[in-house]
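Enquirer: Have a look at this one.
What follows is calculated from the coordinates using simple rules that are stated; it is not laboratory data. Nothing here was measured: the structure is a model prediction, and the numbers come from that model. As a convention, Cβ positions derive from the backbone with ideal geometry for all residues, glycine included, and neighbour counts pool all protein chains shown.
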Amino acid sequence: MKYALLICDDEKVSPSNEEIEADPVHRAWADDLERRGGKLFGVRLRPVVDATTVRVRDGETLVSDGPFAETKDFVGGFVIVDCADLDEAIQIAAGHPYARWGGVEVRPVWE
Amino acid sequence: MTAPDDVRTAIDAAYRDEWGQVVATLIGLTGDWDLAEDCAQDAFAAALTTWPRDGVPRRPGAWLTTAARNRALDRLRRDAAGAAKLRRLTVTGDPGAADEDIPDERLRLIFTCCHPALPFPARVALTLRTLAGLSTAEIARALLTAESTLAQRLVRAKRKIQEAGIPYRVPPAELLPERLAAVLVVLYLIFNQGYDEPDPQRDLTAEAIRLARTLVRLMPTEPEPRGLLALMLLHEARRATRTRDGVLVTLEDQDRSRWDQVLIAEGVTTLDKALTRRKAGPYQLQAAIAACHATAPDPAGTDWPQIKALYGELARLAPSPVVELNRAVAIAMADGVPAGLALVDELAASGRLAGYHLLPATRADLLRRAGRITEARAAYEEALQLAPTEAERRFLAKRLREL
């Protein structure tokens with residue numbers, strides 16, 4: 001099954017890419033994913049201040065700043081994984097460093 | 001030839017004992033929860049026509065599973081999309097062989113129904129539907145939920161199992177403690193629902209005890225399912241004495257001669273067997289506390305120091321403000337009211353039990369015992385405002401009058 005892991009937090013801390021690379025927890029997580037051979041695609045996203053939301057209402061394009069949803073946590077990155085079942089996806093999500101202060105939303109890919 | 005009444009009894013017993021097993025096996029074979037339930041239903045309908053004619057089979061469970069499996073084969077053959085499921089179904093052996101040993105699949109079903117990715121109310125409903133075989137209407141009534149809400153809850157849960165890829169399996173060893181705890185919570189909730197809001201038509205405490213017995217049989221080396229079963233049996237033994245004329249009766253004032261000694265004996269034996277594993281857990285501790293009460297000859301003969309020690313251990317293993325409140329009562333009874341009252345006041349000041357009626361009710365009782373009548377009255381009045389059931393409100397009002 002394919003799952004999107006949405007890596008979320010409140011952006012109170014924002015480590016640089018280099019810091020994330022050097023984080024042993026992140027490294028262990030990436031190595032584990034590599035071993036499973038399950039990673040299809042993944043990216044980190046720029047903070048939510050750089051986000052733009054586009055809506056079309058009555059044929060008019062409305063552009064606004066910020067994310068669409070008013071939530072405490074924002075999606076800071078996502079990974080698409082292919083694994084056996086939800087339990088394996090949960091296991092992968094639990095290994096991500098952001099799971100310790102933010103959260104990882106596991107969403108099955110609609111196929 | 002078997003008399004129809006005997007057959008009816010045999011079918012009722014088979015429904016109680018075998019429904020979960022038949023459904024679990026069919027889910028394992030087809031991966032389709034709705035098909036599994038439909039075919040189990042069909043198998044019981046077939047038993048109603050066949051058994052009076054041919055007699056009750058030697059192994060009703062095997063007969064029903066085979067009948068359900070054949071029914072699934074028929075339905076999948078007629079359905080083009082069923083081809084893949086059909087392949088899984090036919091490689092599992094000759095469906096005509098009714099006497100072959102069918103492995104018990106119920107454990108996989110229990111763990112899947114209680115998967116933490118499902119909303120909690122859905123876990124309860126799914127367990128009652130697929131394992132215990134209650135109808136949607138019966139579950140809705142017992143859980144005080146609208147039938148349409150409950151039906152929708154079941155549909156969504158089954159869909160999520162399929163679409164989110166919740167595995168149909170017993171979790172591996174590293175996940176087992178956490179997942180087993182989730183199963184036990186569901187069974188205990190079912191029990192408590194039946195205990196607090198009894199439904200005369202469908203006894204949920206009996207269903208919960210039956211499910212706990214099954215779990216104990218399927219996981220004989222795990223002590224906590226036994227602890228939960230013991231806890232249920234010990235509570236059940238006192239159930240008839242919990243209210244009198246619609247008024248709650250406290251443990252102290254219950255008529256002990258009416259406690260069910262058979263259930264108490266079984267509860268104590270079950271607990272002893274769990275404790276031989278030397279792996280204490282929250283349910284074993286709660287059962288041990290219940291056993292102290294159930295085996296005390298009279299209120300004065302209650303071993304409060306032991307109960308206090310058990311609550312201390314429970315607070316360490318599964319800390320919660322409710323456990324603290326109970327520990328405070330044990331301390332009051334073992335060491336004197338002021339010590340217990342001090343802990344209750346501390347809890348009240350922390351605000352962690354704000355709105356919980358048993359906080360002021362406990363305080364009121366301790367203040368009454370300490371002879372602080374004015375404060376007791378205020379606490380009883382506060383508890384009366386918060387109490388959720390009529391039996392409790394009547395009890396509190398009675399205590400208030402007696403002050």
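Enquirer: Taking the Cα centroid of region B:336-403 and of region B:148-194, what is the distance between the two, rounded to the nearest whole Å?
Expert: 36 Å
Enquirer: Per residue, how big is the convex hull around the C-alpha atoms of region B:265-403? Give it to me in cubic angstrom, could you? Mind dumping the intermediate values first?
Expert: Details: hull volume 17.0 nm³, N = 139.
Per-residue hull volume (Cα only) is 122 Å³.
Enquirer: If you line up the long axis of helix B:60-77 against the longest principal axis of chain B, both from Cα atoms, how many degrees apart are they, to the nearest 10?
Expert: The angle comes out near 60 degrees.
Enquirer: Mind putting a number on the dipole of chain B about its Cα centre? Charges go on the C-beta only, +1 for Lys and Arg and -1 for Asp and Glu, and I need it in Debye to the nearest 20.
Expert: Values: 54 positive and 53 negative charges, 125 e Å.
I would put it at about 600 debye.
Enquirer: Averaged over peptide B:160-166, how many Cβ atoms belonging to another chain are found within 10 Å of each residue's Cβ?
Expert: On the way: counts 2, 1, 1, 5, 8, 12, 5.
What the average comes to for B:160-166 is 5.
Enquirer: Restricting to DSSP H runs of at least four residues, report the calculated mean residue ellipticity at 222 nm for chain B, -39500 (n - 2.57) per run over all residues, nearest 500 deg cm²/dmol. If you can, show how the numbers build up before the last one.
Expert: Working: 19 runs with 276 residues, N = 403.
Taken over chain B, the calculation gives -22500 deg cm²/dmol.
Enquirer: Given chain A, what whole percent of its Cα pairs are spread farther than 18 Å?
Expert: When every Cα pair of chain A is considered, 53 percent fall beyond 18 Å.
Enquirer: With point charges of +1 on the Cβ of Lys and Arg and -1 on the Cβ of Asp and Glu, referenced to the Cα centre of region B:146-185, which listed residue (B:Ala182, B:Ile166, B:Leu150) lies farthest in the positive direction of the dipole?
Expert: Result: B:Leu150, furthest along the dipole toward the positive end.
Enquirer: List, in the order given, every pair from A:Lys72/B:Lys160; A:Lys12/B:Lys158; B:Lys160/B:Lys273; B:Lys308/B:Lys398; A:Lys2/B:Lys279; A:Lys39/B:Lys160 whose Cα-Cα distance in the structure shown is over 31 Å. Present the calculation step by step, with values, prior to reporting the outcome.
Expert: Working: A:Lys72/B:Lys160 25 Å; A:Lys12/B:Lys158 38 Å; B:Lys160/B:Lys273 38 Å; B:Lys308/B:Lys398 28 Å; A:Lys2/B:Lys279 39 Å; A:Lys39/B:Lys160 23 Å.
The answer is A:Lys12/B:Lys158; B:Lys160/B:Lys273; A:Lys2/B:Lys279.
Enquirer: Give the order of A:Glu111, B:Glu346, B:Glu222 when sorted by the count of other beta carbons within 10 angstrom, beginning with the fewest.
Expert: With the fewest neighbours first, A:Glu111, B:Glu346, B:Glu222 line up as A:Glu111, B:Glu346, B:Glu222.
Enquirer: Here's something else I'd like to know. How far apart, in nm, are two points set 7 Å out from the Cα along the Cα-to-Cβ line at B:Val262 and at B:Arg217?
Expert: 1.8 nm
Enquirer: If you don't mind, there's one more thing I want to ask. In Å and on Cα atoms, what radius of gyration and Dmax does chain B show?
Expert: Rg and Dmax of chain B, Cα atoms, are 24.3, 78 Å.
Enquirer: If you rank B:Ile27, B:Ile373, B:Ile190, B:Ile11 by fewest surrounding Cβ atoms within 10 Å, what's the result?
Expert: Values: B:Ile27 23, B:Ile373 11, B:Ile190 26, B:Ile11 19.
Going from least to most buried by this count: B:Ile373, B:Ile11, B:Ile27, B:Ile190.
Enquirer: DSSP loop chymotrypsin sites (Phe, Trp or Tyr not before Pro) in region A:48-94 with at most 16 other Cβ atoms within 10 Å of their Cβ, which ones?
Expert: Details: sites: A:Phe68, A:Phe74, A:Phe78; in loops: A:Phe68.
Counting only loop positions with at most 16 other Cβ atoms within 10 Å, the chymotrypsin sites (Phe, Trp or Tyr not before Pro) in region A:48-94 are A:Phe68.
Enquirer: Can you give the direction-averaged projected area of the convex hull of the alpha-carbon atoms in region B:174-299, in nm²?
Expert: Numbers: hull surface 31.9 nm².
One quarter of the hull surface, i.e. the mean projection, equals 8.0 nm².
Enquirer: Using a simple spin-label model with points 7 Å from Cα along the Cα→Cβ vector, what separation in nm is obtained for B:Leu144 and B:Arg401?
Expert: Taking the two extended label points, one gets 2.4 nm.
Enquirer: For region B:198-250 and region B:31-69, write down the distance between their C-alpha centroids in whole Å.
Expert: 29 Å
Enquirer: Of all the C-alpha pairs in the protein assembly as shown, what % are more than 45 Å from each other? List each step's numbers first, then the result.
Expert: Working: 38739 of 131841 pairs.
Above the 45 Å cut-off, the protein assembly as shown has 29 percent of its Cα pairs.
Enquirer: If you don't mind, there's one more thing I want to ask. Determine ³J(HN,Hα), in whole Hz, for all residues of region B:360-367 in sequence, where each value follows from phi through the Karplus function 6.51 cos²θ - 1.76 cosθ + 1.60 and θ = phi - 60°; x replaces Gly and Pro.
Expert: Once rounded to whole Hz, the list reads x, 5, 5, 4, 4, 5, 5, 5.
Enquirer: How large is the helix-only mean residue ellipticity at 222 nm for chain A, computed as the sum of -39500 (n - 2.57) over DSSP H runs with n ≥ 4, divided by its residue count, in deg cm²/dmol to the nearest 500?
Expert: Values: 3 runs with 29 residues, N = 111.
Rounded to the nearest 500, the figure is -7500 deg cm²/dmol.
Enquirer: Grab the beta carbon distance between A:Asp65 and A:Val13, set R0 = 35 Å, and tell me the FRET efficiency rounded to 0.05. List each step's numbers first, then the result.
Expert: Working: r = 22 Å, r/R0 = 0.63.
Here the calculated transfer efficiency is 0.95.
Enquirer: Arrange A:Asp73, B:Asp245 by Cβ neighbour counts within 10 Å, fewest through most, would you? Could you put the intermediate results ahead of the total?
Expert: Numbers: A:Asp73 16, B:Asp245 7.
The order, fewest Cβ neighbours first, is B:Asp245, A:Asp73.
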